[in-house]
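Each value in this text was obtained by applying a stated rule to the coordinates, not by laboratory testing. All of these numbers come straight from a predicted model, not from anything done at the bench. No Cβ is skipped: glycine too gets one built from the backbone with ideal geometry, and neighbour counts run over all protein chains shown.
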Amino acid sequence: MSSAPIRTGRRLAPRLLASAVLALSCGAAAAADVHVECNVESDYELTLNERSVIFTRDSGTPKAIVMRQGRLFVDDKWLSLSAADSRRIADFETQTRAAMPEAQRIGREAAEIAFTALGEVAAGFSSDPKAARAKLDKARAQIDARLARSVTPTHFNGNDLGDGIGEAVAEVIPSLIGDIVGGAIGAAFSGDETRLKRLENLDAQIEAKIEPRADALEARAEGLCRRMEALDGIDNALELRVDGKPLNLMTAKVGKRTDADKK
């Protein structure tokens with residue numbers, strides 16, 4: 001999980017897909033006039049395996065927290081919990097695992113929308129649209145495979161997910177951008193009227209293709225963000241104190257922001 005707040009917006013960027021589950025889901029899309037603002041913060045990295053939900057960080061105390069079937073391990077020992085806290089820890093584990101399938105689906109759809117937009121640009125600008133689409137299809141398949149492997153109810157590793165997505169994007173995006181820019185410059189200098197006319201309404205064409213899907217994705221992302229708020233509520237309700245302080249695993253807040261709020 002990232003320590004930076006994640007806000008939903010219309011622009012899709014590869015780094016959104018490489019963040020932890022919260023960023024993956026909440027950063028996918030936004031509606032035209034009203035934007036969901038999903039602020040999620042944590043000092044910890046989240047990892048899941050078949051037995052445990054694990055939070056780790058490089059600095060600060062505690063450095064490692066392990067949840068396992070209602071039990072809690074902090075740094076170097078298992079802690080004694082009240083019956084209520086044991087139920088809260090078990091509930092936190094269950095809800096975290098339950099969120100993973102939806103997070104994976106949202107991540108896939110966000111990638112699909114992003115690559116659909118890139119595909120439309122490539123078709124309009126690229127000197128070789130067929131080759132450009134093939135590159136995009138390859139990168140999309142790589143990201144899909146990494147999501148399937150890295151985001152499941154029994155496995156999540158943000159670093160592994162980020163590395164895989166970064167590799168897929170780095171392999172295709174630089175050459176694709178170069179090809180698109182070269183194609184656009186070539187069309188301008190050659191006076192290719194057919195291509196230039198096709199490009200006049202490119203923004204509208206892309207919006208028409210992705211806006212309904214982005215709006216639907218926003219609703220799903222908001223739903224998952226609400227789950228994160230619920231997890232934050234469990235975290236806040238814990239009676240346990242470590243060195244006199246609450247665990248404070250995460251904070252999450254969902255709000256609405258209109259275009260007028262940005263002015």
The FRET efficiency for Asp75 and Ala145, from their Cβ-Cβ distance with R0 = 25 Å and rounded to 0.05, is 0.10
With the cut-off at 28 Å, tell me which of the pairs Lys209/Lys253; Lys138/Lys209; Lys63/Lys253; Lys63/Lys138; Lys135/Lys209 have Cα atoms farther apart than that.
Lys209/Lys253; Lys63/Lys138
Could you check the simple spin-label distance between Asp91 and Lys138, using points 7 Å along Cα→Cβ, in nm with one decimal?
4.9
Per principal axis, largest first, the Cα atoms of region 43-169 extend in Å by 65, 28, 19
Grab the beta carbon distance between Thr152 and Asp243, set R0 = 45 Å, and tell me the FRET efficiency rounded to 0.05.
0.85
Can you tell me which of 145-152, 51-58 comes out highest on packing, and rank the rest after it, using the mean Cβ neighbours within 10 Å?
145-152, 51-58
